[in-house]
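These notes are about the structure you will find just below.
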Protein chains: 2
Amino acid sequence: MAERQLPGPSASESGAPQAAGRARARKQRPVLDLGVLDGHLGYFVRRLQVWIFQDFVRTLSAFDIRPAQFSVLVVIEANPGLSQADLAETLGIERARLVRLLDGLERRGLTRRRPSPTDRRSHALTLTDTGVATLKRIKSQAAEHEAHLANRLGADKRDVLLKALRNFA
Amino acid sequence: MAERQLPGPSASESGAPQAAGRARARKQRPVLDLGVLDGHLGYFVRRLQVWIFQDFVRTLSAFDIRPAQFSVLVVIEANPGLSQADLAETLGIERARLVRLLDGLERRGLTRRRPSPTDRRSHALTLTDTGVATLKRIKSQAAEHEAHLANRLGADKRDVLLKALRNFA
DNA sequence: TATTGTTATACTCTATAACTATA
DNA sequence: TATAGTTATAGAGTATAACAATA
């Protein structure tokens, strides 16, 4: 794991790592003009999203879990017995991609595909006992990641954003 | 280009395509529980970001340009003569990836790498005349995409988000 | 005819590591 | 020693098409 500075999510837990690690000098760069990018919401949404993903992956590195995998585990837990098609539709993931995603989670013993009692084409998805136990710990770490975000963004601003975006998709 | 429905950005320009194309019936799906995802800002930021990218690509399909390419063109135009390292740092793109990105734009005659007058290791990036002219038209389409977003999100909410995120990265 | 899960392909993007030529 | 541009690789993710089994 290499060190990362500036725009990336900080590896330090809190506040100012000022006099701690004797931060190496970095090349000074000119502040550039963003041009019309400054008026495009998409640019800033993307920057925020990248920051969030990086912090999520780092904060949950002990579990080797990525945001997409997390979302799959959470939705299966909340809706046991659901089908792959329904899961894919809910999360906006391609059915085709979900296959590999579930293969991975299944190989790790976290999820299970059972035959659907009502439709022989589809699978009924559930968490294994290990999956439930592991997800409990994962959720705890994910909450810590969310705290990082609130800290970085300001708790008030984070709440505003959450409410504003909740009804979007 | 296949049809796309529901969560994706609508292909229709405005309002309600209700009685127009006699939309095909879609399988009815149960509304699933998002579980703790509902409290994670990252999930909704990701959904919004995906929507924005899709609408951007569709709205600018006549130019075959993607968000990353757009951001590169805009920042070069606003900071002629800048280096690849500075551009990469500003946009949060890996230096390694920027190389291919610029190769593509250069092949299309939009950008140019000139020798830096002060540092023989680095390049001074500029738009070509074609690049300037093309970008002008691209920016017009990008503005239309931004209008779609404001329409979808609500103009007021869009403004709030832009202000909230501008100072993030 | 349409849907479910699946396989396959192409492309974008992130994350790294390494190399060369310069500074 | 460090930086600039480059090449290469591995993996995630998107987009798309096709197929067999089933509805």
Cβ-Cβ under 7 Å pairs, at least 6 apart or on other chains, segment A:98-109 side surrounded by fewer than 14 Cβ atoms within 10 Å (Cβ to Cβ), far side assigned to a loop (DSSP other than H, G, I, E, B): A:Gly109/A:Thr128
Within segment A:148-164, track down each residue that is away from every other protein chain (no Cβ under 11 Å) and within 15 Å of B:Tyr43 (Cα to Cα). none
Please go through segment B:39-55 and pick out each residue that is free of Cβ contacts under 8 Å to residues at least 12 places away in the same chain and either more than 7 Å from chain A (Cβ to nearest Cβ) or closer than 16 Å to A:Ile138 by Cα (or both). B:Gly39, B:His40, B:Gly42, B:Tyr43
Scan segment B:85-97 for residues that are within 11 Å of DNA strand D (Cβ to nearest atom), within 17 Å of A:Arg26 (Cα to Cα) and in contact (Cβ under 8 Å) with a residue 24 or more places away in the chain and report the count. 2
Unmet requirement for B:Leu82, which otherwise passes all of (1) without any contact (Cβ under 8 Å) to a residue 60 or more places away in the chain; (2) crowded, with 17+ Cβ neighbours inside 10 Å; (3) within 16 Å of DNA strand C (Cβ to nearest atom): (3)
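Every read-out reported here was derived from the displayed coordinates using simple, explicitly stated rules and does not represent laboratory data. Owing to the predicted nature of the structure, the values given are computational and were not obtained by experimental measurement. In this analysis, Cβ positions are derived from the backbone assuming ideal geometry, glycine residues included, and neighbour counts consider all displayed protein chains.
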